[in-house]
Every structure is written in C-alpha cells, then in structure tokens.
Amino acid sequence: AMVLFRSFVCLLVLYLLQGSDTSLVRLNNNGYEGIIIAINPGVPENEALIEKIKDMVTAASTYLFEATERRFFFKNVSILIPDTWKENPQYRRPKHESYTHADVLVAPPTLPDRDEPYTKHFKLCEEKGEYIHFTPDFVLGKKQKEYGPADRLLVHEWAHLRWGVFDEYNDDEPFYSASSKRIEATRCSTGITGVNRVYKCQGNSCVFNKCKIDPKTKLYEKNCQFFPDKDQTEKTSIMFMQGITSVVKFCNKQNHNEEAPSLQNKKCEFRSTWEVISNSEDFKNTTPMVESPPSPVFSLLRIRDRIVCLVLDKSGSMAGYNRLNRMNQAAKYFLLQAVENGTWVGMVHFDSTANIKSKLIQIISTNERNMLVNSLPIAPSGGTSICAGIKAAFQTIREIYSQLDGSEVVLLTDGEDNSAKSCLYEVKESGAIIHFIALGPSADHAVIEMSDVTGGKHLFVSDEVQNNGLIDAFGTLASGNADISQKSIEIESKGLTLNNNHWMNGTVIIDSTVGKDTFFLITWVTQQPIISLLDPNGTPMNISTVDAASKMAYFSIPGTAKVGVWTYSLQAKANSETLTITVNSRAANSSVAPITVNAKMNKDTNSFPSPMIVYAEILQGHIPILGANVTAFIESSSGKTEVLELFDNGAEGADTFKDDGVYSRYFTAYSENGRYSLKVRAHAGTNTAARNLRHPPNRAAYIPGWVVDEKIEGNPPRPEINKDTQTNLESFTRTAIGSAFVVSNISTFPLPDLYPPSQITDLEATPDGDMINLTWTAPGDNFDVGKVKQYIIRISGSILDLRDKFDDALQVNTTDLLPNEANSKETFTFKPGNISEKNATHIFIAIQSVDNSSLTSKVSNIAQVALFIPQGDTDEIHPNPNPGISISSLVLLVVGCVVLVTIILSVTIYILKKKKNPNRPSTAF
C-alpha cells in the first residue's frame, strides 16, 4: 500500500505541474492518456459517428508518431456520449470525464454550413489551448474535399491545443512581398507549389481568373486564393496544409519561412513550429521510441444522472464572521435554484466527526428541494475532520450506487486539518469529483490537491460579506455535463455595506436569451430591509418568501420573465448594514443559445513576481460577443480587492487575438501570499455589443481546390458571411466566477519596480511616398497599466537581425513622440534613413518601450515596408471557364488547328498553280 501511495504522489506532482488548463491529458511513456472526445447533446444519435471517431484517432496516432520523429502517439481515449442517446451495454459511467474537461468537442456548427474545424486557443505562444471543435459532418468525412482527411487535421489541431503553436497561413494576409521581389502566398515552406487565382461561382457555373494587383497594397486583390498542386514532393508543413499527401512534417529552423506574415511568425517571434514543439515539456520529457506504438484504446462513456453530496463544515470556527449562516444562505440558493432538476442530492455535516443528514434524494419538484433545505446545520461546534466528511459522503452515495464514478462531493470548510492528506489516495481512486469551497484564509490547502486530481473546482471565499462570494461560489457549481439551456446563469451579483446612506438601488437587465426560472435573492446581516422590485413596465413585484432566520428573501418569477430593465430599491433599517442581491435565470428557449461569460486565470499557482493574465470569454453558443464592458474583481485572502478593466483589442501581449470575444489583462497587484478569488462582470448597453460572425482564429485552412495535370479543380466555395446578419445585440449583464489561484513568495519589504512595459503586438507600417506611417496600441509603465516614458524605434533590412540584434539596428529619431496612456492608439510618421544592408528588399521596423525605471519591454512584432513593386505570377496556367477542358487539351487543339489550316492552304496553292501551268513538266527529287 505504501508503494502505491508513493507512486500516486509522484503522479500527482507531475499532474499538478501541468498548470491550470482544464484538460485531464497526461503523457505517459510517449503516449497521451486521458484524452476526452465529447459528443454534444445537440448531436442526433448516430453510432457511425463513434466508429468514425475511432478511425480518425487511430490513423491520426500513426501520423502524429511519424510527424514528431517517433515521439508521441494517442494511447487512451474516452468518447463521452450524451444521455440523449439510448443506453448500450458497451457504455460505462464516466469518472472524472465531463464536457468541462473535453479536449475535442463534436458539436453542431457555429452557424449553418460552417463546418470548419478549429481550436479554441486564446493564450500565448507555447501555452495550451482550451479544446478542438469538430462538427459531425466533418468527422463523418463529408467535408474532406474542403479540409482534407480528418486524421491529418486532428494532428494539426492537436499541435494548437497541446503545444501552443499557430497556423502557418493567415487569411487576413494571404500574400506578401517576398525578398525575391515576387508576390508569394503566405505558407511554410515555400517549397509548396501552386498557382494564385480568383475563383468565382454563380449557380453551377464557376470560372478562374488571374489575380490582379491592388494598386494600394501592391499585393493581389482581396479574392485571390492560392491553389496548391495536388502532387507535391515537399514534406512541410503540417501547420500549413496537412491535406497535401506529401506533407508529413512540421516546419523546422532550416526550412521555416521567416518572411511570411503567418500567425506562427507573428505570435511566436518568427520561430518555426518544430522549434516551439521541441521546447515543450512533452518533448523534453521524452526520447524517440524504437518500436512502433500500439493502437489507441477507446472507452465509451455515457452521461448518467448527476449525483451531488454536500459536505458542510459545522465546526466551532464557523461561528466567526457569521460563516455558518452565510453558508446556509448559499446552500439554500444552490438547493432551491442552481442545481438542475433530475439531480440526486445528499447532505453530510462534519466537525471532528461526520453525520449523514440526508440520504440521496432525486430533485423532481420543490418538495425535494425544501426537504434538503431543512437538513442544513443549525449550530456550530466541534473540531474539523475533512476526511470524515468525505468518507461519509462516499457512504451516502454507495447506498444507492455501488460505484462512486462521476459522483460529485461539494466540500466547504473554513479550517485546517492536518489529517486531510490521509484520505488523498482514497479520493483519487474513488472515481468521485471533489469541488472545494475554501471559506476564509485558514481553509486547508491539502484539499486543493483533491480537487485538482479529480477534475473538481477550487473556489475561494473571503469574509467580506458585501462581495457575495459564498453565494457566487455555490451558484457556479452547475453540472459540467448539462446542456447550456438547462444551466443556471448568474445575471447579477452585488453587495453593499451601508453606514450613512440607507439605500441600495440598482437595475437588472433581463435580455431575450434568458428569462426562464428567474430568481431574485436578497440577503442582509442585521435586520430585514424594505424591498421594492419593479418589472420593466413599472409593475411592483411581491417578494414571495422571507426567511427571517436565515436573513434572506427570495422571489421566483413564474414562466418567463419580461425582457427589459428591472428596478430594485433596498432600504436598510439598521444603521450599519450589509445587503446583497443575486439574480440568476436560465435560457428562455432551448433552441436559442443564451449569452454566457466564463472567467479564468492563465494559471492556478504562481510565484511572485511572475505576472498573471485574467481572461473572460463572452459567447452566445460558440459565437464571440464583442463590444462589452468587462471588469474583473480579484480579491485576496484578507479581502482586499483589485479592479481591472479587460480588453479584447489584440494588443499588449495579454490579449492574443482581437475581436475573438476573449477579454484579457495582466494582473500584478499582489498584496499578500495565499489564495485569491476571481469575479467578472460583463455589461453591454443597447447596440454597443455585437456578435462576431467571422471565421474563428486557429481554424483549419480551407482548400479552395487543387491543380491537377495543369488544370484547376475547384472545391465548393467557402460559405460567405452575410454582413446583414451581424446585428447588434440588446443590452445584457452577466456575472461569472473563476477558480481560485494561489500566490507565494511575496516579499513583505519594499521592492523596486519589477514590471516592464508590455510587448507591443499590433505594430503596423504603411508607406506614404518617401515617409512611413506607424500605428500601435500604447503599453503601460507596468505591462498594460500607466504610461511609458519613451519609445525606441529601430529599422533594418534584415528581419532576423532586427529580432536578434535590435540594439545594433538603425535608430529612428523619436524626440517629438510623446507616449499616451496605456490602451490609447499611437501614431508616428518618419522618413527612413539609409539602412546598412546592401540589396535590401524591405525595411523592417520594431519598437521597444522604456518605463520610468528604465525597464524595457520585449521587442514588438516586426512590421515591414517593401522597397519595390512586387511582380505577379508568370505561370502558364490560364483562366479556365470550363473545368472540363484541361490546358493541355486546349494547346493540342490549337496546334491541331494550325496544322490543319497549313495543310489546307498548301493544297489550295498547289491546285491553283497546276491550273496556271497545266503543261509544265514536274520535277522529281
């Protein structure tokens, strides 16, 4: 047993080193284990889909193994099947697997006919992505013409997901001016051959036209596309077009195209994809295999009824800071509103021992919810035995289910327990999921390991009542497997401590995507306030339930709540009072996805002074929402709160892509060691936010067609986006909670300035006669906060020299350039001097920022201006309005016609001459 425990601890340490990503994937002896491919509940039942997933992964494993020089393969894969599909003896119950942890989602397209595969990856180069999105039609092989074989594309997307590399193409910059003084397609490597054409279809008639050069950009016109040759010999690169049969490798340092404006170059400082992969922990911890790998092993798992057991701390320390009553308020909120119908719920109280207060009850109506509410603890007393509580929860679940697989334990505690580690191995082996709510600064840190290794949530709540942390924490514990239309969505969460002003007034926006099961909850500390609630028409609402003992009142709106602005007024009766209001709802219509917000940090443990990044993603289904005002509230263990405005501007390093619905910001304002919580509030007024219907970043390259035997064979054109459908959104508000994170090694002594300006990532350059215009987003003194002291702009004729020897490049005079506040738009115009490189074809420009402490930023992305007008194509493939006739056939036809005309002319001339000279003797040779 001790040997097993030691091996488990070693595995645990390796697992915890993988960071904050939600994936449960592990690398074991070159093989990836724990991969989850989840079929969305909205996908109609089709057993052929399961077989196609198996075929895709099996073939992809071989392709991955060869592409990574015999290093990696897919070892164990779980296919998560929705409960909307009928039962099958082959299907087992999941353990820690859920949609929350899915690595690959098989889900309906984002928009009709938009079957493009993509990877959700909004972090920095070398950091892991969130998930891969495939549609059922893609997996079933119905889109192979447009995107290539599914197995090869899975490896392309896996490189995004696992190693944080980017595409070696760029739909926004599909062509560039090469040093060869020609216009080239953005690709890697340049050994990939093909032609550039404009492909237009009207009805069933399609034509290919030669690309024209845009006089403004000096590059090809907007609709020009690169058509690769079907038969190639080039082996790179998988991150450009893995669908080409000869392509079996990633671009490396030797064959990498550093000139191209590919996303890989832009995001990874011109390093090749293989260089990034070779720097990954996966690569460093493995060596090439001698033997061929085994085929992947598949597990078929079907979602079952949700099982939750609340394990609530009632020890003596819960008497302080009104903790027991606050816990009960939050637990009632969870039981009465947040937890989904059909869920089995039980309850355990613990102090130094544990008591089962309610066996598992399936929630079917309000009767079961009220029964559970009546089982909440009344008085605090005793010590703290976390393991006793967990074991009692396991006992409760086993009374109905022999196995604990997939069951959830919600553990709330405020105290330390030195014996908590004693049941760590049992928890890991149980198959249950542990969600940990840490209340106050002293809650046990050992339980964090339990939530990490079981795929559960770790949430931190301070004793600052006005922050409403406990209710928020319980509200975020929705099922990881429920359809989004069934999940409880937090619309508003606010609190206020009142001293002189006795009123807490505000509004709540109910938008049309929500409104079902809308629930208003008000809490107080001292005395029940006077509560006024008006619907959008100004009609007063009666608060139906007042729970004076728990100091809370709530109101559930029958049916669907009216869309619009609801108004509340809370008048405190006590001189000193803390009031909170929480509003949540569910989707108004199961066929219309609600607007949702998800919040997270880039990692869950951090050592000072390393910066962190806050992320908040706003979506409607899978469609990004732009233009919202997004604010993050980060609270330390002692209750100190930092407020950050988040941006989706694609600038300053923290935000990788502009307009992808992910709002980001650096966080460096650490105040103390210990846990921190994250809360995000998103708001949009009428017509200020919009859906982004553009194709997502990190999407598979659409293959417009192939050149075969000197003839272009076009594929169906990519579905166009109808700009009329990009309508603005109505007003909405949302609140979301992120997992807790822990910071260590913060010094108690005064420290010098530790943080430089953030890297400029959106520098653009455009020529204007003999001048160059630059634009970029201003960084801050400390990453993206404040104002820098100065900018250093340098130019070079060599992109690599500017990257690697920035200080040696020619400096531009920026005396008149005065920096603005962070996130402002900067512009600067200059006349370039004579660069030292002979025969240079481009001027490359980069910026470095300097703060008041003389700390310098990373060198910016590199912009460029061509010193020549590039040449277009000189290939001999001509526009072919009839794809049925090849170029070679046309040539043969023309030659044949010329020969025929020559023969006819010769015969005619001969006959005429014979008529003129009938008696002239013929001459023989």
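Readers should treat all values here as calculations from the given coordinates under stated rules, not as data from a laboratory. Remember, predicted model here, so these are calculated numbers, not experimental data. FYI the Cβ positions are ideal-geometry reconstructions off the backbone, even for glycines, and counts take in every protein chain you see.
Packing, taken as the mean count of other beta carbons within 10 Å per residue, orders the peptides 576-587, 746-757 from highest to lowest as 576-587, 746-757. Using the Cβ of Glu275 as centre and a radius below 11 Å, the other residues enclosed give a net charge of 0, where K and R count +1 and D and E count -1. Ranking Asn692, Ser607, Gly538 by Cα position along the charge dipole of the chain, where only Lys, Arg, Asp and Glu carry charges on their C-beta atoms, puts Asn692 farthest toward the positive end. Length gained on full extension, Lys210 to Leu754, computed as 0.36 nm times the residue gap minus the Cα-Cα distance: 190.4 nm. Among DSSP bridges having both ends in the chain, what percentage is antiparallel? Round to the nearest 5. Of all bridge pairs located within the chain, approximately 75 percent are antiparallel. Bridging of Lys562 to lysines at a Cα separation below 26 Å is possible for Lys332, Lys487, Lys494, Lys516, once same-chain residues fewer than 8 apart are set aside. With 0.36 nm allotted per residue and the present C-alpha distance subtracted, the Glu713-Glu258 stretch has 160.8 nm of extension available.
Using just its DSSP H runs of length 4 or more, each adding -39500 (n - 2.57), the chain gives a mean residue ellipticity at 222 nm of -5500 deg cm²/dmol after division by all residues. Ordering Ile543, Ile132 by the number of other Cβ atoms within 10 Å of each residue's own Cβ, fewest first, gives Ile543, Ile132. In summary, the aspartates and glutamates within cross-link reach of Lys249, defined as a Cα separation below 12 angstrom excluding same-chain residues under 8 places away, comprise Glu66, Glu69, Glu234.
With a Förster radius of 30 Å applied to the C-beta separation of Asp172 and Lys805, the computed FRET efficiency comes to 0.55.
Taking Cβ atoms as reference points and 15 Å as the exclusive limit, the residues near Lys249 contribute a net charge of +1, counting Lys and Arg as +1 and Asp and Glu as -1. For the residue pairs Lys181/Lys218; Lys235/Lys658; Lys805/Lys858; Lys52/Lys142; Lys181/Lys222, the C-alpha atoms sit more than 22 angstrom apart in Lys235/Lys658. FRET efficiency for the pair Glu416 and Asn29, taken as 1/(1 + (r/R0)^6) with r the Cβ-Cβ distance and R0 = 35 Å, rounds to 0.40.
A simple count of charges around Val427, restricted to other residues whose Cβ falls under 14 Å of its Cβ and scoring Lys, Arg +1 and Asp, Glu -1, yields -4. Given a Förster distance of 51 angstrom, what is the FRET efficiency for Glu821 paired with Gln527, based on the Cβ-Cβ distance and rounded to 0.05? Efficiency at R0 = 51 Å is approximately 0.70. Maximal additional length on extending the Glu281-Glu399 stretch stands at 38.2 nm, based on 0.36 nm per residue less the C-alpha distance. The average projected area of the chain, computed from the convex hull of its Cα atoms over all directions, is 51.8 nm². The order of the peptides 487-494, 179-186 by mean Cβ neighbours within 10 Å, most packed first, is 487-494, 179-186.
Remark: Ser853, Ser189, Ser591 ranked as Ser591, Ser853, Ser189, counting other beta-carbon atoms within 10 Å and listing the fewest first.
In this structure the amide hydrogen of Arg92, modeled in the peptide plane, comes within under 5 Å of the amide hydrogens of Leu300, Leu301, Arg302, none closer than 5 places in sequence on its chain.
Taken along its principal axes, the alpha carbon cloud of the stretch 19-83 reaches lengths of 38, 29, 14 Å, longest axis first.
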